[in-house]
Amino acid sequence: MPEPTTGKPLPPGMILGPDGKPCKVCTSFRHWKPAVATREQARSKTAASGAATTLAASSTLASSEIRRADCPPDSEELGRATWTFLHTTAAYYPERPSPAQRANMLTLIRSLPVLYPCTHCADDFGQDIKVNAPDVSGRVGLSKWLCERHNEVNKKLGKATFDCAKTDERWKDGPGD
Ligand code: FAD
């Protein structure tokens, strides 16, 4: 883990990037909430006394309510968007892909550890796919393989694992009526 390049204390939960600077896309915005609340408190102190109720309300807002819609992604938003892309692409991958389709899928998967901007996520994913080689043989195998990789991240983050028998329902067909 790199050392911070600034003397300033980091917001709790902030992760540094390889350049030693705070890495927004490596960090969950939820972890910045105390810092956001503190700024709100400072502003409120200088406001009229009636602002006290505004402060109370603002400091209990969920991070999604505090956050502007046009903010750059944090690690969670980027993760959700990336998983959506990957699982959906796997769900529509051919049953019997051509050699070119297999090669392109392998390139896509292997580019993540190199290019994914949440660097600690990328490093861990790279380690995982070294041990668990991508299955690009067809739609079913790829969807299962990807579900298992996502479950590895879920476990690491202390989240419930997903039932990999339900990948088509989640990413292609939708729930049955
Ligand atoms: P997500 O985990 O993003 O899932 C989105 C949706 O996918 C869920 O709502 C669910 O419907 C479905 N889903 C969940 N699990 C599965 C599954 N196994 N198979 C199919 N569908 C599923 N974050 C970190 O903090 N640290 C990391 O090291 C890290 N590594 C990552 C590596 C990669 C390659 C990616 C793409 C993301 C990584 N993330 C990491 C982000 C993290 O996985 C989540 O995306 C983020 O925490 C937001 O989680 P979420 O609970 O909103 O749902």
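At a glance:
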quantity	calculated
Derived scalar couplings ³J(HN,Hα) [segment 149-164; Karplus, 6.51 cos²θ - 1.76 cosθ + 1.60; whole Hz; x for Gly, Pro]	5, 4, 5, 4, 5, 4, 5, 4, 8, x, 9, 5, 7, 9, 6, 5
Amide H contacts under 5 Å for Ser28, placed H, 5+ residues apart	Ser75
Karplus-derived HN-Hα couplings along segment 13-26 (A = 6.51, B = -1.76, C = 1.60, θ = phi - 60°), whole Hz, x at Gly and Pro	x, 5, 9, 8, x, x, 7, x, 9, x, 10, 5, 6, 9
Exposure proxy ranking, count of Cβ atoms within 10 Å, fewest first, for Val131, Val136, Val153	Val131, Val153, Val136
Total charge dipole magnitude, segment 75-173, about the Cα centre, Cβ charges on Lys, Arg, Asp, Glu only, Debye to nearest 20	160 debye
Cα gyration tensor shape of segment 75-173, rounded if a/c is under 1.5, else prolate or oblate by comparing a/b with b/c	oblate
Trypsin sites (Lys or Arg not before Pro) within segment 65-95, DSSP loop, no more than 13 other Cβ atoms inside 10 Å	Arg68
Which of Phe162, Phe85 has the fewest Cβ neighbours within 10 Å, and the rest in rising order	Phe85, Phe162
Long-range HN-HN contacts of Leu16 with modeled amide H, under 5 Å	Cys23
For segment 122-132, Karplus couplings with θ = phi - 60° (6.51, -1.76, 1.60), whole Hz, Gly/Pro x	4, 4, 5, 4, x, 5, 4, 6, 5, 7, 10
Sorted by Cβ density within 10 Å, fewest first, the residues Thr88, Thr107	Thr107, Thr88
Charge sum, other residues only, whose C-beta stays under 14 Å from Gln101's C-beta, Lys/Arg counted +1 and Asp/Glu -1	+1
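Computed from the coordinates by the stated procedures, all read-outs in this text should not be read as laboratory data. As the structure is a prediction and not an experimental result, all values here were calculated from the model. Every residue, glycine as well, gets a Cβ built from its backbone with ideal geometry; the counts of neighbours run over all protein chains shown.
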